[in-house]
């Protein structure tokens, strides 16, 4: 089966950032492949290792986002596509989904895999938009999967536990961070990734124009959140438990 | 005047999720016409409380197709409804099912979608919080109607207005190609004791507990306090230490207890957005630089594995 994985390069979530004119200052930020996407890459690799076919990685972002594509290739994906275009700066979820769908359609696919949500934006609606634009069903929030012929059988996370869902291929699937243990790229994998085929495409290459990717929302204001009163932070010298008990008593919960 | 719609989510037992009433309460305050849509078994019964919280009309359909299949049937029927009735703003709860439906609908209508919304300053602006809740961003919603916003649970308090709604029955004309991803079984992993969303005290654990077996210490503490529930971060849930039903955060539950004890939790944004509205926050963490301490009313820099058992004893002795 052929699997396409959507990945995103994001600012390293372990750093501190600032907003300039309502946008994250991405150029100064150290960027990484979204850790949540590694689970999707791993899922795709496992599926193709078991049943043949190849893994294509698709991304949208500035030219340097090719690093994230290469990272996925070094894990074992076969080829990559990066859509990069000045007109995409500030793209929102629907613009992103429109571009990704156009890029995905360039190759035959049985399954498209995404993370549940990006670790920087957290909106989590691009995958269902993609499913709609590609005209396929969606198997979302997957924490366990089995493939039975042309049907996925998944465990879909819910707030109360999980649902068992069956979904015919082709489909869009989103995987949670609990679905597997992503492999580290080997030295050999990193070397091989350098010569794997990658395409860098503009909107025009996809038959799209700036209007197709126009953002429909904009930042109107950025303000500090109302601060909570400064708390009392103390090193535990053996009296920590008693301090907490006093606090619970004062809050009238014991 | 704007026409505002609220998508009312029904749970697996056909009960109305309370977050729908919270959203209705806010929608009412924005002025204009407020209506609701409820799809699936329990929809007709939901019209009662939806009306009491400000919906003047409830578009309802009892058909099980909406719960049997993921996302597509609801997006299909909603698309027909919004084309016919032309709401300006459509509000969903920020839940698993609603994300699937809203994304699909937006791709059909070309609407903007704003996720993780914590407030609505007016009917064309949505507010969200970034950088672990330290920064508030106002986002102007443009493009074709309906603008779509997904609202975080517990962002608003639900208050009845004493009204009642007219129920309009909607036909479940869902094509076969929208009946694909089929829900065949629901597994509920609810814990014993009070529910996380309702417990006045939550004892929550993260990676700092070092080993899944140490969650027992949190259960003992919760037991000693009484009327307390145990929660967890995404990191330990993903690692398989505890069930998904215990997850608090962006993906997971949003809670607002009187007291939240964050134990061995560093304070990743993913977790903080699910608990930062708690009345009081206590943090225990070895790392004095952990971001959770910036939220804490009381922070103990120390070894959770020592402090928690001592606290359990202390609580027991004080309660006599």
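The values are calculated or read from the model by the stated rules, or taken from the named source; none is laboratory data. The model shown is predicted, which means the values in this text are computed figures rather than measured ones. Because the Cβ atoms are built from the backbone with ideal geometry, glycine has one as well, and the counts that use them run over all protein chains shown.
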- Message: Please go through (1) part of a helix (DSSP H, G or I); (2) crowded, with 18+ Cβ neighbours inside 10 Å; (3) at pLDDT 95 or above for residue A:49 and return the number of the only condition it doesn't satisfy.
- Response: (2)
- Message: Can you find, within the range A:213-235, the residue that is surrounded by the most Cβ atoms within 10 Å (Cβ to Cβ) among those that are within 22 Å of the chain's Cα centre (by Cα) and more than 7 Å from every other protein chain (Cβ to nearest Cβ)?
- Response: A:213
- Query: If a residue has to be more than 23 Å from residue A:253 (Cα to Cα), in contact with a helix residue (DSSP H, G or I) (Cβ under 9 Å, 6 or more places away or on another chain) and surrounded by fewer than 21 Cβ atoms within 10 Å (Cβ to Cβ) to count, how many in the range B:270-289 make the cut?
  - Reply: 2
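How about the range B:122-144: which of its residues are in a loop (DSSP other than H, G, I, E, B) and either closer than 14 Å to residue A:121 by Cα or under 17 Å from the mean Cα position of the chain (by Cα) (or both)? Lay out the reasoning, then the answer.
Restricting attention to the range B:122-144, the residues satisfying the condition of being in a loop (DSSP other than H, G, I, E, B) are B:123-124, B:131-134, B:142-144.
Listed by number, the residues that qualify are B:131, B:132, B:133.
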- Specify the residue that is farthest from the chain's Cα centre (by Cα); the eligible residues are those in the range A:171-188 that are closer than 20 Å to residue A:36 by Cβ and not in a loop (DSSP other than H, G, I, E, B). A:171
- Message: If I go through the range B:163-181 residue by residue, how many of them are within 14 Å of chain A (Cβ to nearest Cβ) and in a loop (DSSP other than H, G, I, E, B)?
- Response: 5
- Could you check residue B:215 against (1) at the interface with another protein chain (Cβ under 10 Å from one of its Cβ atoms); (2) under 30 Å from residue A:118 (Cα atoms); (3) more than 21 Å from the chain's Cα centre (by Cα) and say which number it fails? (1)
- Note on the structure: Restricted to the range A:1-27 and to residues being away from every other protein chain (no Cβ under 14 Å) and more than 18 Å from residue A:119 (Cα to Cα), the residue modelled with the lowest pLDDT is A:1
- Message: Looking at (1) modelled with pLDDT of 95 or more; (2) assigned to a strand (DSSP E or B), which one does residue B:116 not meet, given that it meets all the others?
- Response: (1)
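Here are B:27, B:106, B:74, B:60: which of them is in contact with a helix residue (DSSP H, G or I) (Cβ under 7 Å, 6 or more places away or on another chain) and away from chain A (no Cβ under 14 Å)? Break it down into steps so the answer makes sense when it comes.
Working: B:27 fails: in contact with a helix residue (DSSP H, G or I) (Cβ under 7 Å, 6 or more places away or on another chain); B:106 fails: away from chain A (no Cβ under 14 Å); B:74 fails: away from chain A (no Cβ under 14 Å).
One residue alone meets the criteria, B:60.
Right, residue A:210: within 30 Å of residue B:117 (Cα to Cα), touching a helix residue (DSSP H, G or I) at 6+ places or on another chain (Cβ under 8 Å) and without any contact (Cβ under 8 Å) to a residue 40 or more places away in the chain or not? Outline the logic, then answer.
On the way: within 30 Å of residue B:117 (Cα to Cα): yes; touching a helix residue (DSSP H, G or I) at 6+ places or on another chain (Cβ under 8 Å): yes; without any contact (Cβ under 8 Å) to a residue 40 or more places away in the chain: no.
No, not satisfied.
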- Message: Take residue B:51 and tell me if it is over 15 Å from the mean Cα position of the chain (by Cα) and at pLDDT below 95.
- Response: no
- Query: Across the range B:36-56, what is the number of residues that are in a helix (DSSP H, G or I) and farther than 19 Å from residue B:102 by Cα?
  - Reply: 9
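Kindly indicate which of B:265, B:282 is more than 7 Å from every other protein chain (Cβ to nearest Cβ), in contact with a strand residue (DSSP E or B) (Cβ under 7 Å, 6 or more places away or on another chain) and closer than 30 Å to residue B:119 by Cβ.
Exactly one residue qualifies, and that residue is B:265.
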- Query: Is it true that some residue in the range A:104-114 is in a helix (DSSP H, G or I), at pLDDT 95 or above and more than 13 Å from residue A:40 (Cβ to Cβ)?
  - Reply: yes
- Members of the range B:296-320 that are surrounded by fewer than 17 Cβ atoms within 10 Å (Cβ to Cβ) and touching a helix residue (DSSP H, G or I) at 6+ places or on another chain (Cβ under 8 Å): B:309, B:313, B:316, B:318, B:319
- Message: Scan the range B:182-196 and tell me whether some residue there is at pLDDT 95 or above, more than 7 Å from chain A (Cβ to nearest Cβ) and not in a strand (DSSP E or B).
- Response: no
- If you take the residues of the range B:295-307 that are out of contact with any strand residue (DSSP E or B) (no Cβ under 6 Å at 6 or more places or on another chain) and facing chain A (nearest Cβ under 8 Å), which of them is farthest from residue A:224 (Cα to Cα)? B:306
- Message: Can you pull out every residue in the range A:130-157 that is at the interface with chain B (Cβ under 9 Å from one of its Cβ atoms), part of a helix (DSSP H, G or I) and in contact with a strand residue (DSSP E or B) (Cβ under 7 Å, 6 or more places away or on another chain)?
- Response: A:130, A:131
- Note on the structure: Of the residues in the range A:205-225, those that are out of contact with any strand residue (DSSP E or B) (no Cβ under 8 Å at 6 or more places or on another chain) and either under 29 Å from residue B:139 (Cα atoms) or modelled with pLDDT under 95 (or both) come to A:208, A:209, A:210, A:211, A:212, A:213, A:214, A:215
- Query: In this structure, is residue B:233 more than 10 Å from chain A (Cβ to nearest Cβ), within 20 Å of the chain's Cα centre (by Cα) and over 19 Å from residue A:245 (Cα atoms)?
  - Reply: yes
- Give the range A:190-200 a look and list any residue that's surrounded by fewer than 17 Cβ atoms within 10 Å (Cβ to Cβ) and either on the phi > 0 side of the Ramachandran plot or in a helix (DSSP H, G or I) (or both), or say none. A:190, A:191, A:192
- Query: Hey, residue A:30 hits all of (1) crowded, with 16+ Cβ neighbours inside 10 Å; (2) more than 20 Å from residue A:106 (Cα to Cα) but one; which does it fall short on?
  - Reply: (1)
